[in-house]
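K.L.:
One structure follows; several queries about it will come next.
The values are calculated or read from the model by the stated rules, or taken from the named source; none is laboratory data. Just so it is clear, the structure is predicted and the values come from calculations on it, not from any experiment. Counting neighbours? That spans all protein chains shown, and the Cβs are built from the backbone with ideal geometry, glycine included.
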Amino acid sequence: MAGRFLILIVVLYAFVSCKYVRYSFKEGNIPAEIKSISIAYIQNKASIVVPQLSQQLTDKLRQKYLSETRLDIVPNDGDFDIKGVITSYAVEPVALQAGQKASQNQLKISVQIQFENKKIPKNNFNETFTQFAEFASEKSLTSVEQQLIGIISEKITQAIFNKTLSDW
């Protein structure tokens, strides 16, 4: 009986002490002096403009910070400030087969991001993030475009998020 009681105490202690271990950005990996983030609408200056791409990227980026950090999203002048421009939207062949015909194409999107950390300026950067998704050449871009944009937007959002928080 004493052995069971001891095991119960050890298990309860383990559960109670686990609540103090923090693994997410939201719980404290961002310095305390950083309280807010402003994310400007990402402009589309690519030669091919897909109307919903700017809004989709902006929304995904805002949602990422809202759901995975404790930062308040403010319209402007946040402790973190992100501005961006879509600089490229292109389809390129990637896998050639006999007769110089592509068996795979890729949709590639590039976004230039200007990040300002108003509390720790050494962490500022201006960088281009490029991501792509491949699709079979027998499919038309219009038939897979929305799916590919979703995949690429997710990758770009994650890359920006990781870069802005990489020093913590």
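K.L.:
Quick one: in segment 136-158, which of the residues that are among the charged types (D, E, K, R) and closer than 23 Å to Thr69 by Cβ is surrounded by the most Cβ atoms within 10 Å (Cβ to Cβ)?
P.N.:
Taking segment 136-158 and keeping what is among the charged types (D, E, K, R), we get 138-139, 145, 154-155.
From what is left, the residues that are closer than 23 Å to Thr69 by Cβ are 154-155.
Working: Glu154: 14, Lys155: 16.
Per the stated criteria, the residue is Lys155.
K.L.:
Within segment 120-133, work out how many residues are touching a residue at least 24 places away in the same chain (Cβ under 8 Å) and within 19 Å of the chain's Cα centre (by Cα). Outline the logic, then answer.
P.N.:
So the first thing to find is which residues in segment 120-133 are touching a residue at least 24 places away in the same chain (Cβ under 8 Å), and the list is 120, 123, 125, 127-133.
Checking the rest, the ones that are also within 19 Å of the chain's Cα centre (by Cα) come to 123, 125, 127-133.
So the answer is 9.
K.L.:
Tell me whether segment 44-57 contains one or more residues that are more than 17 Å from the chain's Cα centre (by Cα), surrounded by fewer than 18 Cβ atoms within 10 Å (Cβ to Cβ), among the small types (Gly, Ala, Ser) and within 17 Å of Gly150 (Cα to Cα). Before you say what the answer is, go through the steps one by one.
P.N.:
Filtering segment 44-57 down to residues more than 17 Å from the chain's Cα centre (by Cα) leaves 44-52.
Then keep just the ones that are surrounded by fewer than 18 Cβ atoms within 10 Å (Cβ to Cβ); that gives 45, 47-52.
Adding the requirement that they be among the small types (Gly, Ala, Ser) leaves 47.
Filter once more, so that each one left must be within 17 Å of Gly150 (Cα to Cα): none.
Looking through segment 44-57, none of the residues is more than 17 Å from the chain's Cα centre (by Cα), surrounded by fewer than 18 Cβ atoms within 10 Å (Cβ to Cβ), among the small types (Gly, Ala, Ser) and within 17 Å of Gly150 (Cα to Cα).
K.L.:
Okay, next question. I'm told Ala133 meets every condition in (1) touching a helix residue (DSSP H, G or I) at 6+ places or on another chain (Cβ under 6 Å); (2) surrounded by fewer than 16 Cβ atoms within 10 Å (Cβ to Cβ); (3) not hydroxyl-bearing (Ser, Thr, Tyr) except one. Can you identify the failing condition by its number?
P.N.:
(2)
K.L.:
Something else: Could you tell me whether any residue of segment 20-37 is within 18 Å of the chain's Cα centre (by Cα), at pLDDT below 90, among the small types (Gly, Ala, Ser) and part of a loop (DSSP other than H, G, I, E, B)?
P.N.:
yes
K.L.:
Out of the residues in segment 140-168 that are under 24 Å from Val49 (Cα atoms) and among the small types (Gly, Ala, Ser), which is modelled with the lowest pLDDT?
P.N.:
Ranking the qualifying residues of segment 140-168, first place goes to Ser140.
K.L.:
Can you tell me how many residues within segment 159-168 are buried (at least 16 other Cβ atoms within 10 Å of the Cβ) and either of a type in the set (Lys, Arg) or touching a residue at least 60 places away in the same chain (Cβ under 8 Å) (or both)?
P.N.:
So the first thing to find is which residues in segment 159-168 are buried (at least 16 other Cβ atoms within 10 Å of the Cβ), and the list is 159-161, 164-165.
Filter once more, so that each one left must be either of a type in the set (Lys, Arg) or touching a residue at least 60 places away in the same chain (Cβ under 8 Å) (or both): 160-161, 164-165.
The number of residues fulfilling the criteria is 4.
K.L.:
Something else: Of the residues in segment 94-119, how many are without any contact (Cβ under 8 Å) to a residue 24 or more places away in the chain and not aliphatic (A, V, I, L, M)?
P.N.:
3
K.L.:
Are there any pairs, at least 6 apart or on different chains, whose C-beta atoms fall under 9 Å, with the first in segment 70-93 and surrounded by fewer than 20 Cβ atoms within 10 Å (Cβ to Cβ) and of a type in the set (Val, Ile, Thr) and the second modelled with pLDDT of 95 or more and not in a strand (DSSP E or B), and if so, which?
P.N.:
Cβ pairs passing all conditions: Ile73/Arg62; Ile73/Tyr65; Ile73/Leu66; Val85/Ile42; Val85/Lys45; Val85/Ala46; Thr87/Lys45; Thr87/Ala46.
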